[in-house]
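The values are calculated or read from the model by the stated rules, or taken from the named source; none is laboratory data. Because the structure is a prediction, the values reported are computed rather than measured. When we count neighbours, we look across all protein chains shown, and the Cβ atoms used for this are built from the backbone with ideal geometry, even at glycine.
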Amino acid sequence: MSLPSLKQPFVIGSIQTPVGPVPQVSSSLVWADRLGRYRARWGIGRMHYTVEPGLYALGKPDEESPVLVTANYKMSFDKLREALPGRDMWILVLDTKGINVWCASGKGTFGTMELVGRIKSSALSQIVSHRELILPQLSGPGVAAHHVKKLSGFKVIYGPIRATDLPTFLEGGLKATPEMRLKTFTTLERIELIPMELVGALKVGIIVIPILFFLSYVGKSGEGWTNALNHGYFSALSLLTAILAGAVLAPLLLPWLPGRAFFIKGLSLGFLFTAILMAFFWNDWITGIGRLEILAWFFLIPAVSAYLAMNFTGASTYTSLSGVRKEMRWALPLEIVGGIVGLILWFGSNYIA
C-alpha cells in the first residue's frame, strides 16, 4: 500500500483514514497552478508536469463520498478539482506517465490493470463503504469495466466528457445527458493546442536555420556572405512558412481544409504557401539556380507542413486509432521522399556554380 506525499506544493493538508493520512487539496487554484498550466500549454516542462499517483481528498470526504478517477497529468488533475468547488470527493490518480486521460487511454497507461492496481495500492476498499468509481468518458477505450468489477469489486461509471459538467452529472443521479457525451472540437479548443506544437517545431527550426545559413555561406565558391544572405534568408523564410502552415493554420482552419486525412490538409496548405512564396520571388526564375531552389522548397514546404499537421491526429475528434495508423503507413513515406528530394535539390541550388 502507498499513499501520495503530503509535501507536494498544491497539498493543503491531510485527511485521516483507516490506512493513514491522505493528501488534501482544494478546488481553488493558486497562481503557481495557473503558471504551471500556462507553461505546459507552451511545452515548457510539459513531460514533468505531473502529480504523484494515488488517492487524494478534495474538501473533507468521508466513507460515503464519491470517488473520481483521473490521470496524473497535473492539468487534468487541476481541471477536475477546479470544476468541483464546495464538494467533498475522493480523487484517485492513475500513473499515466504525465499523459492526459484521452491520450493515455489510447496508449494503454490509463488502463484496466493500472486502475485495478491503484485501487489496491491505495487501499480504497478500506476507505470508502461503497464500491463505485466515476471515470471520465474519454477513458473508455483503455478500461474494460467488467474486468475492473471482477478483479477489484468496484463498479465503473462513466461520467461526462467535460469536467465542468460533473456537478450537474452528480446532482442528476449519475446520469449523463446527450450533450455531456458529445466531444466538441471548436476553434478555441483547437487554438489551445497550437502553442505546444508551435514551440516544438520552432525548437527544431532554431537549430536548422543557422545550419542553412552556414551551408549557404560555404556553398558557391567566392560568394560567401552574399550567398548566405540570399539563399539563407530564403531558406529560413521558407522553413518558417512551413511551420506556420502546419503547426498554426492547419489546426485553426481544420474543418475547412480539403480532405479527411490530416496529411492532405497540411499538404494543401503547404502547396498554397509555396505558391505565395513563388509569387514574391518570381524574379529568381530567370536563372537555373533560382528555379532549382524554388523547386526544392516546392517539395520541402508541403512535406514539413503535412508532417506537422499530422501531429494533431491524436487530439482531434476527426480520427480514430485505426485511421491514424492507416494514414501514417502511407503518408509518412511520402513525406520522407518529399523531404529527401527537396534536400537534394536545395544542396544542388547552393553548390552548383
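Miscellaneous remarks
- Looking only at region 25-51, and only at residues there that are part of a loop (DSSP other than H, G, I, E, B) and in contact with a Pro (Cβ under 6 Å, 6 or more places away or on another chain), the one that is nearest to GLU197 (Cα to Cα): TRP42
- Test result for ARG162, surrounded by 13 or more Cβ atoms within 10 Å (Cβ to Cβ), within 20 Å of THR70 (Cβ to Cβ) and within 20 Å of the chain's Cα centre (by Cα): yes
- Cβ-Cβ under 7 Å pairs, at least 6 apart or on other chains, region 29-49 side closer than 21 Å to THR96 by Cβ, far side loosely packed, with under 12 Cβ neighbours inside 10 Å: ARG39/GLY45
- Of all residues in region 106-131, those being closer than 17 Å to THR50 by Cβ, at pLDDT below 95 and in a helix (DSSP H, G or I) number 1.
- Residue among GLY36, GLY108, GLY117 that alone is on the phi > 0 side of the Ramachandran plot and small (Gly, Ala, Ser): GLY108
- Close pairs from region 156-180: first without any contact (Cβ under 8 Å) to a residue 40 or more places away in the chain and within 22 Å of ALA144 (Cβ to Cβ), partner in a helix (DSSP H, G or I) and of a type in the set (S, T, N, Q), Cβ under 6 Å, at least 6 apart: TYR158/GLN137; ILE161/GLN137
- Residue ID - nearest to the chain's Cα centre (by Cα), chosen from residues in region 96-110 that are surrounded by fewer than 21 Cβ atoms within 10 Å (Cβ to Cβ) and closer than 17 Å to ALA144 by Cα: CYS103
- Test: residue in region 220-232 that is small (Gly, Ala, Ser) and modelled with pLDDT of 95 or more: no
- Set side by side, the residues VAL143, VAL148, VAL128 differ, and just one is touching a residue at least 12 places away in the same chain (Cβ under 8 Å), closer than 17 Å to VAL19 by Cβ and in contact with a strand residue (DSSP E or B) (Cβ under 7 Å, 6 or more places away or on another chain), which is VAL128.
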